[in-house]
Amino acid sequence: MLTKRIIPCLDIKNGRTVKGVNFVDLRDAGDPVELAKQYAKLGADELVFLDISATLEGRKTMHDMVLKVAEQVNIPFTVGGGISSIEDVDDLLHCGADKVSINSSAVKRPELINELSNKFGSQCVVVAIDAKQIDDEWVVHLAGGTIPTALNLFTWAKEVEHRGAGEILFTSMNNDGTKAGFANEALAKLSEMVNIPIIASGGAGTVQHFVDTFNEGKADAALAASVFHFGEIEILDLKRELKTNNIEVRL
Amino acid sequence: MNVVIVDYGAGNIKSIQFAFKRLGVDAVLSNKPEVIKAADKVIFPGVGEASSAMEMLKQSGLDELIPKLKQPVLGICLGMQLMCNYTEEGNTKGLGIFDVNVKRFSKVVKVPQMGWNTVKNLKSDLFKGINEAEFMYLVHSYYAENCSEAIATSDYELEYASALENDNFYGVQFHPEKSSVAGEQLLKNFLKL
C-alpha cells in the first residue's frame, strides 16, 4: 500500500540552511548536505530545499548544493525557489534534483506548467500554492504570502492539475508559523477536487497535527520545518505514532 | 566492473550514476552501441513520456541493440515499461522483451502514484536480502500488468508487476537509486548477477 510521506523542508540561502537547526550529532548544522543525510537516515521520505537567495551568485551555489545532495543522499528531493524557465529546471534536473517546485512564476505565466510537464514529465513538476483565507475565500498569495492575487485556491489548483502539475504543495498562510495544526478543511476539499497528490504545509506543531492532516485533511504528504529542525518532533517517533493511528507509513 | 548507463536523453540519470558511485562503482554514461555491447552490466533508465523516449531510442538505433544484449540489463521506471510489448502511453509499441502490456491507472486513485509502496511476492536473486513487503520509491502513472514474468508485485488500484525478469533482462518500476538502503541492496544484487 502507498504510504503517507513525511517531508522536512530546508530553507537555503547562499548554499547554507537558514533557520536555526538544533541537531545534536551534526558537525555543521548549517550544511544542507549534512542535514539532508541525517534526515534520510532518520526516516524522512523525501526532502524539499527552498532557495531563498536573492542574488545570482546565491543561486549558483544552489546548483553545487543540489549536486552534492544528489551525490550523497539516497531518497528523493525537490528544489524550489526562483525557478521561472525551462532552462532553470533543466539545470537543476541535470544536477540531480528529482522534482522542482514552482510558485510565483506559475501564477505569472501558467503556460510554464504545460511547458515543464511536456518536456520533463509531470512527475517532476510540483506547483506550490500559498493561500490565505480572507473572509470566506481562500486567496492565492505571492512572495511568501505578502501579495494577494485575483486567484482562488481551488480554481487555481484545478487549473494547475489540468496544465500538467504532478503534485500540489499547499501552504496555508493562516496556519504557517502558528504550530496550531494544518488547514485541514481546505486540504480535504483540495484533495477531493483534484486527482494528484497534495502535500500539506503550514501549522505543524504536534504529532496529533500530522495524524489530523492525514485523517481529516486527506493529505498525501505532510511538510514541516522547525518542528523537525529543532528536534521537537523526531521523525521516527512521529511515524510510529502515525502507524499506531492506522496511518500507513514507511518504517 | 564495467557498468554502462544507457544515455539516450530520457530523464535524470545522474542519480543512478551517483547511486553506483556510493557503492564504489564508476558507471559510464553512453549511447554508443560498441560501449554498451562491451559492458558487464547495462542500466536502461527512463523518465518522461513513452512515445518520445522510444523515438529517441530509435534515432540512436538502440531499439535494435537492447533486445539483443546478452549481459544482465536492468530497466528502471520508464526503461522497464519500454521493455514491455506495448504501452498505452502515446500508444507506443515497446521492445517486446517482457511479454506484458503497460496500462494507465484509472481515476479511482490519484495519478501519478507518488511515494513509497511495498514490494511483495519477491522471486528473483535481484531481491536477495530484501525483505518481503520492503518499501521502494515509485513515481508513475502507468503500470505493467501482473504476469508470469513478474518477480515482484505492488498494490495501487490493483495488483501490478513492480519488477519483471526474462533471461538476462530485469526491470523495476520503482527507483532503486532513490529507495534508501533497500534500493542500494537491489543495485548491489544486480552487480552480482
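The values are calculated or read from the model by the stated rules, or taken from the named source; none is laboratory data. Being a predicted model, the structure only gives us computed values, none of them experimental. Cβ sites come from the backbone with ideal geometry, for glycine too, and all protein chains shown count toward neighbours. Keep in mind that these areas ignore ligands, DNA and RNA; they rest on the heavy atoms of the full protein, side chains included. Shrake-Rupley method; radii C 1.70, N 1.55, O 1.52, S 1.80 Å.
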(request) Could you check the simple spin-label distance between residue A:111 and residue A:143, using points 7 Å along Cα→Cβ, in nm with one decimal? (result) 2.5
(request) Specify which residue in the list A:152, A:131, A:53 is farthest towards the positive end of the charge dipole of the stretch A:5-244, using unit charges on the beta carbon of Lys, Arg (+1) and Asp, Glu (-1), about the Cα centre. (result) A:53
(request) Could you work out, residue by residue across B:67-79, how many beta carbons of other chains sit within 10 Å of that residue's beta carbon, and then give the average as an integer? (result) 0
(request) Report the antiparallel proportion of the DSSP beta bridges in the stretch A:115-251 as a percent, rounded to a multiple of 5. (result) 40
(message) Keeping all protein chains in the complex and leaving out DNA, RNA and ligands, what accessible area do you get for residue A:206 with a 1.4 Å probe, in Å² to the nearest 10?
(response) 60
(message) Can you give the FRET efficiency to the nearest 0.05 for residue B:131 and residue A:119, using r as the Cβ-Cβ distance and R₀ = 45 Å?
(response) 0.75
(request) Would you mind computing, in nm to one decimal, how far apart the modelled labels at residue A:56 and residue B:25 are, each placed 7 Å from Cα along Cα→Cβ? (result) 4.2
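Report the far tail of the P(r) of the protein assembly as shown, meaning the percent of Cα-Cα pairs longer than 33 Å. Present the calculation step by step, with values, prior to reporting the outcome.
Details: 30520 of 98346 pairs.
Considering the protein assembly as shown, 31 percent of its Cα-Cα pairs are separated by more than 33 Å.
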(request) Run the 1.4 Å probe and let me know the accessible area of residue A:135, rounded to the nearest 10 Å². (result) 140
(request) Scan chain B and hand back the longest stretch that contains none of the trypsin sites (Lys or Arg not before Pro) lying in DSSP loops with at most 14 other Cβ atoms within 10 Å. (result) B:1-69
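Pull out the extension gain between residue A:1 and residue A:90, defined as 0.36 nm times the separation in residues minus the alpha carbon to alpha carbon distance; nm, one decimal. Intermediate values should be presented prior to the final figure.
Values: separation 89, 0.36 × 89 = 32.04 nm, distance 3.23 nm.
Residue separation times 0.36 nm, minus the Cα-Cα distance, leaves 28.8 nm.
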(request) Send over a whole-number figure in Å² for the accessible area per residue of the protein assembly as shown, probe 1.4 Å. (result) 39
(message) Residues of the stretch A:215-241 with backbone nitrogen within less than 19 Å of a virtual label 7 Å along the Cα-to-Cβ line of residue B:109, please, listed as ranges.
(response) A:218-222
(request) Using only atoms on other chains, find how many Cβ atoms lie within 10 Å of each Cβ of peptide A:94-102 and report the average. (result) 3
(request) Compare A:209, A:94 by solvent-accessible area with a 1.4 Å probe and give them largest first, with all protein chains kept in place. (result) A:94, A:209
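I'd like the Kirkwood hydrodynamic radius of the stretch B:3-192, using the inverse of the mean 1/r over distinct C-alpha pairs, in Å. Display every interim value, and only then the final one.
Details: mean 1/r = 0.0618 Å⁻¹.
Every distinct Cα pair counted, the radius reaches 16.2 Å.
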(request) State the antiparallel share, in %, of DSSP beta bridges confined to the stretch A:1-158, rounding to the nearest 5. (result) 40
(request) Could you order A:240, A:59, A:5 by accessible surface area, starting with the largest, using a probe radius of 1.4 Å? (result) A:240, A:59, A:5
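Cα-based Rg of chain A per 2.2 N^0.38 Å, rounded to two decimals?
Numbers: Rg = 16.9 Å, N = 251, 2.2 N^0.38 = 18.0 Å.
Expressed relative to 2.2 N^0.38 Å, the Cα Rg reads 0.94.
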(request) Using a 1.4 angstrom probe on heavy atoms only, work out the carbon and sulfur share of the accessible area of the protein assembly as shown in %. (result) 48
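Expressed as a rounded percentage, what relative contact order does the stretch A:5-244 have, with Cα pairs under 8 Å and six or more residues apart? Present the calculation step by step, with values, prior to reporting the outcome.
Working: 497 pairs, mean separation 39.7, N = 240.
The value is 17 percent.
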(message) Going Cα to Cα from residue A:239, which lysines come in below 17 Å? Please leave out same-chain ones fewer than 8 positions away.
(response) A:4, A:41, A:218
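Which percent, to the nearest 5, of DSSP beta bridges fully inside the stretch B:1-132 are antiparallel?
On the way: 2 of 14 bridges.
DSSP beta bridges in the stretch B:1-132 are roughly 15 percent antiparallel.
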(request) Return the distance in nm (one decimal) between the two label points of a simple spin-label model at residue A:237 and residue B:85, each offset 7 Å from Cα along Cα→Cβ. (result) 5.4
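Compute, for the protein assembly as shown, the length of the dipole vector about the Cα centre, with Cβ point charges of +1 (Lys, Arg) and -1 (Asp, Glu) only. Units Debye, rounded to 20. Before the final figure, lay out each step's value.
Details: 45 positive and 59 negative charges, 134 e Å.
Approximately 640 debye in magnitude.
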